[in-house]
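To start, the structure under review is shown below, and the notes come after it.
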Amino acid sequence: MLSAQSEFTFNREEPPTMEMMIDAREVFRYEVTYGWFTLGWIDVQLLPDSTFNGQKAYHLQTVMEANSSNILIGKNLVHYENLFQFNEKWPYSFVFWRDDLHDNEPNRTRIIFDRDSSKVHFYERGELEETLDLEEPASGGDIIFYYSRMFAGEETPYKLPVYIENELGYVTSSSSKKTYMREYEAFNEPIETYLSEGNADINGPFGFRGNFKSWFSTGDLRVPVEAHVKVIFGNVKVRLISYSREGGNY
């Protein structure tokens, strides 16, 4: 396994390709804070490859765990799972689902992206709730974890359709080539970053909605290192505290 500290110094002028990011098999851990309080943690990784309807699929898992020691939050453990593929332009989802493990409700919500009919089907506890037209690159939201990195440090803005909570919304963002030095627990020394600023008109996890800022490393994979987002009770910070690469030569 390649550590962040030993492999983070390689810089690349162009944003990473999907092949580069998939091949690296990165593992991330973020801390979510509100002022001085730790609200919880977010873990992101690629699980072993899978299939969907006979097609090869990559499996992205995002785990959100609340800080149960905070009496205002309580116990909360949610898994977001995404089977996806990518083409020469973008990553796109086959199926996206949520497991509410704290309530013992696996497959609480499920979103099927039916490209044969160009429809997106939303299920809640196994029951069909809504069907919408499919707009590419269609996903349940976590695909932004890859998609945004393909624009970090570039002057071309992006607009990503996101299907969540029985609705279609959009995440828009823009960046520039200006860089900023920032410090993170995941790395031994300050790193150079790109800043992106955008807006999300969706109802994301923890009530995330509205304007946001995000920082990416200027290194080869444009690692997402920090985000400032608006949620239902105020502004929170999401910062990278652990990072590794388990594959690839990047």
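Structural remarks
- On inspection, Phe216 qualifies as assigned to a strand (DSSP E or B), touching a helix residue (DSSP H, G or I) at 6+ places or on another chain (Cβ under 8 Å) and either closer than 29 Å to Ala66 by Cβ or open to solvent by 70 Å² or more (accessible area, probe 1.4 Å) (or both).
- Selected residue (criterion: nearest to the chain's Cα centre (by Cα)) from residues of the range 138-157 that are surrounded by fewer than 19 Cβ atoms within 10 Å (Cβ to Cβ) and free of Cβ contacts under 8 Å to residues at least 60 places away in the same chain: Pro157
- Per-region count, the range 120-134, residues in a loop (DSSP other than H, G, I, E, B) and among the charged types (D, E, K, R): 1
Every residue, every condition in (1) of a type outside the set (S, T, N, Q); (2) more than 16 Å from Asn53 (Cβ to Cβ); (3) in contact with a Pro (Cβ under 8 Å, 6 or more places away or on another chain), yes or no:
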site: Val78; (1), (2), (3): yes, yes, yes
site: Phe84; (1), (2), (3): yes, no, yes
site: Glu105; (1), (2), (3): yes, yes, no
site: Phe113; (1), (2), (3): yes, no, no
site: Glu130; (1), (2), (3): yes, yes, no
site: Asp133; (1), (2), (3): yes, yes, no
site: Ser148; (1), (2), (3): no, yes, yes
site: Tyr158; (1), (2), (3): yes, yes, no
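- Flag if Phe94 is in contact with a Ser or Thr (Cβ under 6 Å, 6 or more places away or on another chain) and surrounded by 15 or more Cβ atoms within 10 Å (Cβ to Cβ): no
- Failed criterion for Ile202 (all others in (1) part of a loop (DSSP other than H, G, I, E, B); (2) open to solvent by 20 Å² or more (accessible area, probe 1.4 Å); (3) at pLDDT below 95 hold): (2)
- Residues that are farther than 20 Å from Met21 by Cβ and either at pLDDT below 95 or in a strand (DSSP E or B) (or both), drawn from the range 135-160: Glu155, Lys159
- Between Asn87, Asn107, the distinction of being open to solvent by 40 Å² or more (accessible area, probe 1.4 Å), closer than 21 Å to Pro161 by Cβ and polar (S, T, N, Q) belongs to Asn87 only.
- Scanning the range 163-180 for residues that are more than 27 Å from His121 (Cα to Cα) and in a helix (DSSP H, G or I) turns up nothing.
- Condition check for Asn82: crowded, with 18+ Cβ neighbours inside 10 Å, in contact (Cβ under 8 Å) with a residue 24 or more places away in the chain, closer than 25 Å to Phe28 by Cβ and out of contact with any Phe, Trp or Tyr (no Cβ under 7 Å at 6 or more places or on another chain): no
- Strands (runs of 3 or more DSSP E) completely within the range 46-119 that count 3 or more residues being β-branched (Val, Ile, Thr): 105-114
- Test: residue in the range 160-173 that is open to solvent by less than 50 Å² (accessible area, probe 1.4 Å), of a type outside the set (A, V, I, L, M) and more than 20 Å from Val229 (Cα to Cα): no
The values are calculated or read from the model by the stated rules, or taken from the named source; none is laboratory data. Computed from a prediction, not measured in an experiment: that's the story for all the values here. Quick reminder, even Gly has a Cβ in these numbers, built from the backbone with ideal geometry, and neighbours come from all protein chains shown. Ligands, DNA and RNA are excluded from the accessible area calculation, which covers all protein heavy atoms including side chains. Shrake-Rupley method; radii C 1.70, N 1.55, O 1.52, S 1.80 Å.
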